[in-house]
Amino acid sequence: MIVLPAVRWLLFAVLTLPALTVCCPAVAQEVAGVTVTPHRISSQMRYRRPATPELGARVELVLRNSTEAPLTIRRDDPWTFDGRTPAQLLESQDWSWHEAPEVWQEDTVQLPPQTLTVVHFNGRSDAWGAGTTHTVQPGAAAKSVEFPLARPAVWLQDVTFLAVDDSGRLKPSSVTANQIVVHLRREAAATTPCRIAALRLWLPVDGGSQRVFQLSRTLSAAELRLFPQAGELQSSGGFIAACGELPRKNCLVEVQLAESAGGLQSLWASLKIRPESFDISGGWIQGDINGRSALTIDEYRRTLARMHINAGMIEEVSGFTDNPELYQRTPFKRFNRLGDLARYDRDELLPTIHAVEFIGEPQYGGGRPVPPQEVHKLLAPYRDSRLHTSVTLSEERTWRYYAGLSDHPHYDAYRVIAPAADAWTQYDRWGGKSIRWGAPLETIGDMTRSLRELNRPRAVAYWSQGAHDGWGGFFSPRRGSPTADELRAQAWQALAARITSLYWFNLSLKSLLKYPDLITPITRVNREIRLLDE
């Protein structure tokens, strides 16, 4: 993650004000910073078809209107990058997806003086990887300007928003956050001393577009709870900041670092604010038992509650979510399409929602992979809502192309007696032997780290292998669900790699009845998670 040097990079644009028929003088817009997240591929995974070797980078380009006049960005005035439009870069497979002005929901966005906006794109080819340099022309009449995609030496690893009470304990039902926790990392080879100088939070203008950000809060190092205490960064560090009540909107987080030579360096992250909580999903718990949902069965709901399950792949369930008394006894959070924003984007329902998830597994798409730009289009209606989006990724070999698309990405991968994207017979960790029914359990850690690094500083989650009645078969060499040790190892590989929610696949009523011996091991893992929460 890097910010441009002290030299100002100016974007000159000739603008036509909507209410006038004459052009205003040329105005200057500066590039305030560039966040570069290099692509990566795990060297531990094995596939029937090897991963393609190109390594692009995910980019957030932060722009500031540095003049005293408003600046208008129009959707019908296409931006070009290296002389090509985003659509052309998608077609040539140099990019996998973008959020340039031509796909914004707004026809025009006006930047008041000294406000910021951000343009996202995910470079796919080596030509758009870390260490390359490019030009951007922000509109047909504007001047092209060069910007580098330097490999970051220091970056924001994790940015987490929390809701806490006066004693510092989490408030699980809070709609708004009031605390930020930031973790930073440095390259091992970085030797120049630097220290945390300030946190600056940029929020949307009240009642205005969530494409426009104005400076809302500045907290100096003295106002932050630093770790290490002196605030000097070696390989890692960070801080906790009490920042007052924050709206559930898109924002820009800026962390300023003081360098030994006396200059300031800014690190940026574009995120949506919501109070984070560690949710544990039971998967497809709704079920259909003789024409009614399994969630109307008291014994099943109570069993899930005793297992510390607090979410599931549900939206509205007749006889359950429409029964306030019943739902309040076991309030499993919703995790589904939630397309009726007028209903779900309300204070009273937000605490009952984990995330929006409805695309399935876009890397497979039921036989036709869903291109990343199409995923972006499907999620676009939720961007300015207060709901977080999530996408299920499945194959580490290519999921870098989908990096950054959702607020809370997750993946599914199971290591024994289950469908899998990787080639299990190509792993050679059993004294030269291979097996067809399982893969190394530690590859869950490899995949989790891959997903986390590609989407930093966002939180990530994992579908973990639990009891499932639909796997295995008559000729299977063993039963169709993991043992207690295999189950626990997979979950803890992901937990140790810092997931922030866990989804069990799959704790349906049929699965628990078929494999009741897994109820206690799953409950133990979940109880350990809740203990860490405390």
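The values are calculated or read from the model by the stated rules, or taken from the named source; none is laboratory data. Computed from a predicted structure; not experimentally measured. Every residue, glycine as well, gets a Cβ built from its backbone with ideal geometry; the counts of neighbours run over all protein chains shown.
Numbers for the structure displayed
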item	result
Residue identified as among the charged types (D, E, K, R) and either closer than 17 Å to VAL59 by Cα or within 21 Å of the chain's Cα centre (by Cα) (or both) among GLU254, GLU245	GLU254
Selection from the stretch 423-446 of residues that are charged (D, E, K, R) and either at pLDDT below 95 or crowded, with 20+ Cβ neighbours inside 10 Å (or both)	ASP428, ARG429, LYS433, ARG436
Pairs where the first residue, in the stretch 130-154, is buried (at least 17 other Cβ atoms within 10 Å of the Cβ) and the second is of a type in the set (Gly, Ala, Ser) and at pLDDT 95 or above, C-beta under 6 Å, 6+ apart	ALA130/ALA57; LEU149/ALA57; LEU149/ALA130
From ALA484, ALA496, residue being touching a Gly at 6+ places or on another chain (Cβ under 8 Å) and surrounded by fewer than 16 Cβ atoms within 10 Å (Cβ to Cβ)	ALA496
Among residues of the stretch 395-422, those that are under 15 Å from the mean Cα position of the chain (by Cα) and either at pLDDT below 95 or of a type outside the set (Asp, Glu) (or both), counted	12
Boolean, LEU199 is in contact with a helix residue (DSSP H, G or I) (Cβ under 9 Å, 6 or more places away or on another chain) and either under 21 Å from GLU259 (Cβ atoms) or surrounded by fewer than 16 Cβ atoms within 10 Å (Cβ to Cβ) (or both)	yes
Hey, GLU453 part of a helix (DSSP H, G or I), surrounded by fewer than 18 Cβ atoms within 10 Å (Cβ to Cβ) and not assigned by TED's automatic domain parsing to the domain that holds VAL159 or not	no
Test: residue in the stretch 502-513 that is more than 19 Å from LEU393 (Cβ to Cβ), surrounded by fewer than 17 Cβ atoms within 10 Å (Cβ to Cβ) and within 19 Å of the chain's Cα centre (by Cα)	no
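Listed here are the residues, each with its yes/no results for (1) surrounded by fewer than 20 Cβ atoms within 10 Å (Cβ to Cβ); (2) within 22 Å of TRP202 (Cα to Cα).
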| position | (1), (2) |
| --- | --- |
| ARG75 | yes, no |
| GLN93 | yes, no |
| THR108 | yes, yes |
| GLN114 | yes, yes |
| ARG124 | no, no |
| VAL159 | no, yes |
| HIS183 | yes, yes |
